[in-house]
Amino acid sequence: MRSLLRRTLSSAFGPWRSPRNLWNSGAYVCLGLPVGIVGFTVVITLLAIAFGLLITFFLAVPFAWLTFESSRIFAALERSRSKSLLGLEIPDTMPPLVRPTFLGRLGERVGSGRRWTEIGHSLLALVTGSIGFSLIAVAWGGSVALAGLPAYVGSLPNEQAEFWLFSIGDLGSAWLVASVGLVGLAIVAPFLTLAVSRGQFVLAKAMLGGSREAELTVQLGRLETRRAAAVDTAESERRRIERDLHDGAQQRLVALAANLGAARDKLDSDPESSRQLVVEAHEEAKAALREIRDLVRGIHPVILEDRGLDAALSAVVARSPVPVALAVDVAKRPPAAIESAAYFIVSECLTNVARHANASSASLDITRAGDRLVIEIRDDGVGGADETRGSGLRGLHDRVTALAGTMYVLSPIGGPTTISVELPCGS
């Protein structure tokens, strides 16, 4: 009986187990109204002008183009809003335009049912936004008003709270109504908020996400992109290892073999020169070992596997010529592949800071937020970093893409530079 009561209470207060999710859902619904008002106003105005000018055709063309473009913008805004607040993604499965001329592409837009559906969503957003906002405003506002009734019922006209079919005047009845308000605040309003936000998202996804086949096509394209990025990254790593072996350890070993051969030839005739050659060979052997050790660390550092990101990156930061403030908050270790990627991403970024940023200081923050590992590297250097102009950042972007992560570079001329990376690391 006690366990049944516990499960019932847990289910009733379920939304409060994740206050942030409840808050984000409420924000999603509340933002739906102003976004719906603006979207409806802009799209309906442009649409009306375009249809009104159809008789002249050429005057209607720019307004028709603006109608489709504005609906695309509001669709992108809806995708961004749902992803940032609800953590749910609406895939953009709109097929690209292929005709070479402006009028040809406009004709494609006019003949595309999907693009008319986007316009329809912009118009319908006013209705869904108004209804959703009204529902949660009444639920939360009404619950607060009822819950606080005992505090202000005596200040109302005739010292009574008038409800449709009855009125409350005595304090006992006011507390009874207040208990209803508390139930509304604790249970009804939270569940209604989650239900309204979910309903608005489902409608938006149905209108903007396209068919299941189109969504699968987009996902297949993303997987192909990630596979290509993974292949490119692996090939780049193979070339780097081959180059490091050829230019470093291999040359050291060749010199070692030559010195030992010369020492053997002079062992009887010139023992002193032979001894010097053995000493040089010994130094070459130690140098080769150091380079092989560095190469192995570059493939997968032992300290990362043994002690995790904090210890491994502390060693990287200690070797950096630019002072770096390190903050790592990763309570649960991510998968080995993600840890390794994070290590090399940070190492490459700090190398770029030392070589190109002309910075006096930098900071590195790594946190785990749910199923995402978030990395942020900032420096106070000269800025101007652009992943499209250099192989370093491009390679980092490919590595992140191959792991289904995201990478953003914010680096205005004059600085500062911020590189933000998110990697999926399981729940």
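All of the numbers you see were taken from the coordinates with simple rules; none came from a lab. Treat the numbers as computed from the prediction; the structure is a model and nothing was measured. Glycine also receives a Cβ, built like all others from the backbone with ideal geometry; neighbour counts cover every protein chain displayed.
What to note about this one:
- If the chain linking residue 179 and residue 101 were pulled fully straight, counting 0.36 nm for each residue of separation and taking away their Cα-Cα distance, it would gain 21.5 nm.
- Estimated distance in nm for a label pair at residue 134 and residue 80, the labels positioned 7 Å out from Cα along Cα-to-Cβ: 3.0
- Residue 48 paired with residue 413, simple spin-label distance in nm, labels 7 Å along Cα-to-beta-carbon: 4.5
- The peptide list 343-349, 365-371, put in order of mean Cβ contacts within 10 Å with the highest first, becomes 343-349, 365-371.
- Compactness of segment 300-419 as Cα Rg over 2.2 N^0.38 Å, two decimals: 1.01
- Evaluated at q = 0.15, 0.20 Å⁻¹: base-10 log I(q)/I(0), Debye formula over Cα of segment 16-154: -0.82, -1.18
- Extension gain from residue 282 to residue 186, taking 0.36 nm per residue of separation minus the Cα-Cα distance: 26.9 nm
- Summed side-chain charge close to residue 333 - residues other than residue 333 whose Cβ falls under 15 Å, Lys, Arg +1, Asp, Glu -1: -2
- If the chain linking residue 360 and residue 151 were pulled fully straight, counting 0.36 nm for each residue of separation and taking away their Cα-Cα distance, it would gain 69.3 nm.
- By average C-beta atoms within 10 angstrom, highest first, the peptides 395-404, 126-135: 395-404, 126-135
- Projecting the Cα atoms of 110, 134, 76 onto the charge dipole of segment 10-147, computed from C-beta unit charges around the Cα centre, puts 76 farthest toward the positive end.
- Applying 1/(1 + (r/R0)^6) with R0 = 60 Å to the Cβ-Cβ distance of residue 273 and residue 327 gives a FRET efficiency near 0.60.
- Positive minus negative residues near residue 27 (Lys, Arg vs Asp, Glu; Cβ under 11 Å): +2
- Distance (nanometres) between label positions extended 7 Å along Cα→Cβ at residue 303 and residue 73: 5.1
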